[in-house]
Each structure stands twice: as C-alpha cells, then as structure tokens.
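Read the structure below first, then the notes.
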Amino acid sequence: MSNSSLLTGRRTSKPPGMRIVDVDTHISDPPAALAPYCEMPWRRSLEQIAKGRHGYVDIPGYAPGGLKQNPPIPGGHRRLHVPNKTEMREELDLLGIDDAILLPDNLLQFASLSNPDYANALARAYNRWLIAEWMETGNGLHGALLAIPQDPEESVREIERFASTPGIRALFLPTAGVYPLWGHRKYFPIMRAAEEADLSVILHSVGHVGTAFPHQQEQFENDFARWVINHTFGMQANLASLMHTGIPARFPKIKIVFTEAGIAWVPLMMLRMDRRYKEARRDVPFFDMLPSEYMKRNMYFGTQPFEEPSVPEHYAEMVQHYFGEENTIFCSDWPHHDFDHPNSILDLPLSVGLKRKIMGQNAAKLFKLPALQRQTA
C-alpha cells in the first residue's frame with residue numbers, strides 16, 4: 001500500500017490561485033542513505049547501524065528515541081515514509097501542496113547524540129545528502145540545514161558553507177532531548193550566523209522522554225498523557241529559553257518558527273510573559289518592548305496538530321488572541337500518521353484572505369520563496 005493511496009478521494013478544496021506552503025514535511029533519512037555522504041570512520045558506523053532492525057524514530061546510535069516504556073500492542077498506525085523527491089512531489093501534488101520545507105525524520109532525535117565528533121560527521125552527511133538528493137530547481141521542495149547543538153562552531157561553518165545553496169531556506173534546530181535549551185548563550189553564534197545568512201530557524205517538537213527538562217515525563221503510564229504534554233511543553237520551554245536570554249532583542253532580524261505543537265499554547269505564553277515583564281522588567285533589561293511585540297515581530301507558529309475545536313469559529317479567535325494573522329503558517333506533518341490534510345484549515349469558517357495568508361502567503365514571505373513556477377490542482 002503506497003502513501004498515495006491514503007490520499008485518494010481527499011481532494012484539497014483550495015480556492016483558485018491559492019498557494020499552499022507546508023512548513024513541516026518529513027523526508028526519510030535512514031542511515032544507509034546518509035552513509036555514502038559521511039566521512040570515515042563514521043561511515044562504517046552508519047553502514048553497521050543500517051544492518052540492524054529499525055524502529056520508528058528509534059534506531060540505537062542514530063535516532064535514540066528516549067525511554068521506550070510502552071508494551072507493544074498489535075495493530076496501530078502504519079508508519080509511513082517518503083524515500084525520494086519524485087515520490088514526495090507526487091504525493092504533495094495529490095495534497096494540493098505547492099511548496100514544502102523539508103525536515104528530517106530519524107534525525108528529529110539528533111540532539112540526544114552525545115558524541116560530538118560523530119554528531120558533526122552525521123550532520124555534515126545529512127546536509128550534503130539533503131542538497132544532493134532532494135534539491136531540484138523548480139520542484140517546490142526546500143531544505144533546512146541541520147544545526148549541531150553539540151558543536152555550535154561547526155554549526156556556524158555549515159551555515160557558512162551552504163546557506164547560499166539554491167533551495168536552502170532555513171536552519172533546523174533539533175529540539176527533542178536538546179540540552180541546554182535553545183536560548184542558552186552557547187548557541188548565540190548559531191543565532192548570529194543564521195541571522196547574517198538570512199535563514200529562518202525551525203524548532204520541531206517530537207515525542208521524547210528522558211531525564212532532562214523539558215522531557216522528564218517518565219511518570220506517565222502511556223502516550224495519551226505524554227502526547228498531550230510533550231509537544232507543547234517542549235515548545236513552551238524553548239520559547240521561554242529564547243526569550244529569557246533575549247534572543248529576539250540581540251538578533252532583531254532573526255525569524256523563529258515553532259512546529260508540531262499547534263497554536264493553542266501561544267496566547268497563554270504571550271499573556272504570561274507580558275505580565276511578568278511588567279512586574280519584573282529588570283530581569284530582562286535587553287528588552288525595550290513587550291515580549292508579545294517580539295513574538296509578533298520575530299516568531300511564527302505552525303498549525304499542526306490542528307486542535308479541532310468543537311466550535312470551528314473558535315480557531316479564528318485563537319489566532320486573534322496572539323495577533324497571528326501574519327505569523328501563522330500551515331504545517332501538515334506529511335507523511336506521518338497524524339498528518340493534517342490542508343482541508344483541516346481550508347474548511348474552517350475563516351475569511352479567504354486569512355486562509356491565503358495561513359496556507360501560503362505568510363510562509364512564502366518568511367522563506368523568501370521564488371515566484372510559483374508550478375501550481376497543484
């Protein structure tokens with residue numbers, strides 16, 4: 001059964017001329033694919049890992065998926081992947097998606113790797129593989145370089161090497177298991193390099209249980225509780241981290257994207273940070289305006305997972321609560337089992353103008369995408 005068969009009969013109901021940009025599309029990145037692009041001796045490690053059995057985002061030595069506590073249960077969701085750019089383009093066409101920002105799959109767990117030399121080699125291999133195998137002028141697929149929290153200086157060198165490469169639009173900041181969080185001062189060189197290269201930075205939440213904040217969720221018995229908490233908690237913690245050291249004030253041109261946590265948590269954080277700023281402004285002397293103003297100027301929030309309010313009009317109200325008309329962007333999470341079809345947003349009682357902004361205009365402006373050369377039905 002192909003991925004495409006899941007989309008049969010689910011035609012996207014977009015208005016004529018609407019551009020859909022998906023800011024959360026995952027490519028298959030198994031160790032065997034990256035091995036030819038990896039230098040020795042680590043290439044041998046990837047070749048060895050490739051011979052073993054692979055779980056879903058849980059490959060020892062490559063995608064350490066945190067503490068796996070759940071007993072296996074028959075059935076469940078089929079794990080999907082897209083192995084190449086041709087199949088990806090075909091599937092996005094069926095979804096009516098014109099452009100996609102490509103993010104990794106297994107390497108969502110990259111920050112958990114402890115050996116910096118290996119992490120450097122793996123990130124270099126991923127970035128070269130991404131450019132060689134997925135970038136093609138005019139195909140609407142756009143890349144995000146993999147940052148290396150284990151070695152910020154090597155991250156800067158990778159940005160300098162590849163930021164101007166055609167098709168590279170962003171920098172992916174691995175979030176699952178990252179320590180310290182992304183606002184830490186050790187990462188200032190990465191933020192500076194991204195700002196100077198005009199690359200937006202993307203944080204992507206993913207299920208991860210460990211002993212380091214914000215992922216210490218070992219007390220929950222099952223993934224029902226973990227899923228509810230971990231995606232939003234990871235984004236909230238990193239947002240607070242980025243703000244408490246003044247990232248958007250120190251790097252005023254940087255653009256920060258939060259994905260796979262939905263949007264319902266955003267008004268909460270905006271209100272709480274503004275309240276605290278008014279009460280304890282001396283804690284953040286580098287701010288010269290409200291935290292909410294920095295969020296509106298520097299930050300963007302992805303729609304997936306769509307919160308599905310029982311009253312559809314409430315979604316528009318959530319967007320209004322954080323002044324999100326200009327900084328809400330569509331994310332599908334394709335091809336993961338819990339992906340959101342574009343119709344999840346298109347079928348809402350929103351104005352056509354707001355739909356056009358959320359579905360594509362905001363992201364096209366953010367990532368400076370070229371004029372649309374091809375449009376899906």
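Quick look at the values:
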read-out	value
Enumeration of residues in segment 52-67 that are in a loop (DSSP other than H, G, I, E, B), under 17 Å from Leu122 (Cα atoms) and at pLDDT 80 or above	Pro60, Gly61, Tyr62, Pro64
Total residues in segment 11-41, condition closer than 14 Å to Ile358 by Cβ and of a type outside the set (Val, Ile, Thr)	6
Segment 136-160, residues that are over 18 Å from the mean Cα position of the chain (by Cα) and in contact (Cβ under 8 Å) with a residue 24 or more places away in the chain	Glu136, Thr137, Gly138, Asn139, Gln150, Asp151, Pro152, Glu153, Glu154, Val156, Glu158, Glu160
Selected residue (criterion: farthest from Ser292 (Cα to Cα)) from residues of segment 309-366 that are in contact (Cβ under 8 Å) with a residue 12 or more places away in the chain and among the β-branched types (Val, Ile, Thr)	Val352
Candidate set from segment 143-157 (those that are of a type outside the set (S, T, N, Q) and over 19 Å from Phe367 (Cα atoms)); member that is surrounded by the fewest Cβ atoms within 10 Å (Cβ to Cβ)	Glu153
Residue match in segment 305-325 (condition: among the polar types (S, T, N, Q) and crowded, with 16+ Cβ neighbours inside 10 Å)	no
For Thr376: the one exception among (1) buried (at least 22 other Cβ atoms within 10 Å of the Cβ); (2) hydroxyl-bearing (Ser, Thr, Tyr); (3) in contact with a Gly (Cβ under 6 Å, 6 or more places away or on another chain)	(1)
Set Met243, Met269: member being out of contact with any His (no Cβ under 7 Å at 6 or more places or on another chain) and over 22 Å from Gln304 (Cβ atoms)	Met243
Selection count where residues are within 10 Å of Val21 (Cα to Cα), in a helix (DSSP H, G or I) and out of contact with any helix residue (DSSP H, G or I) (no Cβ under 7 Å at 6 or more places or on another chain), scope segment 358-372	5
Residue check, Trp182 closer than 26 Å to Gln109 by Cα, free of Cβ contacts under 8 Å to residues at least 40 places away in the same chain and of a type outside the set (D, E, K, R)	no
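The values are calculated or read from the model by the stated rules, or taken from the named source; none is laboratory data. Quantities reported herein were computed from a predicted structural model and do not represent experimental measurements. Counting neighbours? That spans all protein chains shown, and the Cβs are built from the backbone with ideal geometry, glycine included.
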